[in-house]
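The values are calculated or read from the model by the stated rules, or taken from the named source; none is laboratory data. Given the structure is predicted, the values throughout are model-derived calculations rather than measurements. A quick note on method: Cβ atoms are made from the backbone with ideal geometry, for glycine too, and the neighbour counts reach across all protein chains shown. Areas reflect the complete protein model, heavy atoms only, side chains present, ligands, DNA and RNA absent. Shrake-Rupley method; radii C 1.70, N 1.55, O 1.52, S 1.80 Å.
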Amino acid sequence: MAIVAPSLLAADFLHLQTEVEMVNESAADWLHLDVMDGQFVPNISFGPMVIEFVKKVTKKVCDVHLMIEEPSRYFEQFKNAGADHINIHIETCPRLHQDIQQIKAMGLKAGVAINPHNPASLLSDIIADVDIVLVMSVNPGFGGQKFIPNILNKIREIKKLIAEKGSHALINIDGGVTLDNAAEITGAGADVLVAGSTVFGAKDPLEAIRLLKKA
């Protein structure tokens, strides 16, 4: 079954504790936390303080996705806030291998994220060192976008690369995941489904999560 990671970005922030408690009661595995700085992406979301409060409530793994410039400056803050995973973008890290090793040395799972326009081949030299490959299946910065169909081919390419390099990385798909396309995404080789509006916008979020798990 798929690992399901509801994306907090789509939650009702006026009732954030209630939303997190709903995820606690669900079949979800992780809670996905998108951190945006308004520079790498054209939006600003939240930072360590919100994650610290969420950590006090959640029973799920905190999968933190840093869509920010110079992410290594903030690793310690996010660890202290309660991150279990830190995912950083290949596009923002000129010292990517060093940054991945730093995350792992802190006792956290390390992920590398890649934007839709960049080829899977860019991951070749790092994929054996990471725990997660976070594939953006929409252009990062905003929720509610449609899944880019060609990402299915990229998932297949990354799956092949993982096998060739002897990596144990999970493939995490972020953006445009719905109940209609989830099975096709996992069929291409994805292990983890990040879902925002599909979960938090559903009439029955618990059922939506249950169905995603079966994809």
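Taking the stated definitions as given, is Gly166 more than 18 Å from the chain's Cα centre (by Cα) and touching a residue at least 24 places away in the same chain (Cβ under 8 Å)?
Numbers: more than 18 Å from the chain's Cα centre (by Cα): yes; touching a residue at least 24 places away in the same chain (Cβ under 8 Å): yes.
Here the answer is yes, as Gly166 does meet what is asked.
Return the pairs, sorted by first residue and then second, in which the second residue is open to solvent by 80 Å² or more (accessible area, probe 1.4 Å) and in a helix (DSSP H, G or I), the first residue lies in the range 98-127 and is more than 22 Å from Ile148 (Cα to Cα) and in contact (Cβ under 8 Å) with a residue 40 or more places away in the chain, the beta carbons are less than 6 Å apart, and the residues are 6+ apart or on different chains.
That search, which allows pairs on different chains as well, returns Ile127/Lys165.
Can you name every residue in the range 11-62 that is touching a helix residue (DSSP H, G or I) at 6+ places or on another chain (Cβ under 8 Å), over 24 Å from Phe75 (Cα atoms) and among the hydroxyl-bearing types (Ser, Thr, Tyr)?
Within the range 11-62, Ser26 is the sole residue that qualifies.
Going by the structure shown, is His97 surrounded by fewer than 17 Cβ atoms within 10 Å (Cβ to Cβ), modelled with pLDDT of 95 or more and not in a loop (DSSP other than H, G, I, E, B)?
Details: surrounded by fewer than 17 Cβ atoms within 10 Å (Cβ to Cβ): yes; modelled with pLDDT of 95 or more: yes; not in a loop (DSSP other than H, G, I, E, B): yes.
In short, yes.
Matching residues to (1) open to solvent by 10 Å² or more (accessible area, probe 1.4 Å); (2) in contact with a strand residue (DSSP E or B) (Cβ under 7 Å, 6 or more places away or on another chain); (3) modelled with pLDDT under 95; (4) under 18 Å from Phe200 (Cβ atoms):
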{"site": "Gly38", "(1), (2), (3), (4)": "yes, yes, yes, no"}
{"site": "Ile51", "(1), (2), (3), (4)": "no, yes, no, yes"}
{"site": "Asp63", "(1), (2), (3), (4)": "no, yes, no, yes"}
{"site": "Leu66", "(1), (2), (3), (4)": "no, yes, no, no"}
{"site": "Ser72", "(1), (2), (3), (4)": "yes, no, no, no"}
{"site": "Phe78", "(1), (2), (3), (4)": "no, yes, no, no"}
{"site": "Ala81", "(1), (2), (3), (4)": "no, no, no, no"}
{"site": "Asn87", "(1), (2), (3), (4)": "no, yes, no, no"}
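Okay, residues lined up against (1) surrounded by fewer than 15 Cβ atoms within 10 Å (Cβ to Cβ); (2) part of a loop (DSSP other than H, G, I, E, B); (3) under 15 Å from the mean Cα position of the chain (by Cα):
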| position | (1), (2), (3) |
| --- | --- |
| Pro140 | no, yes, yes |
| Lys146 | yes, yes, no |
| Lys154 | no, no, no |
| Asn172 | no, no, yes |
| Val177 | no, yes, yes |
| Glu207 | yes, no, no |
| Ala215 | no, yes, no |
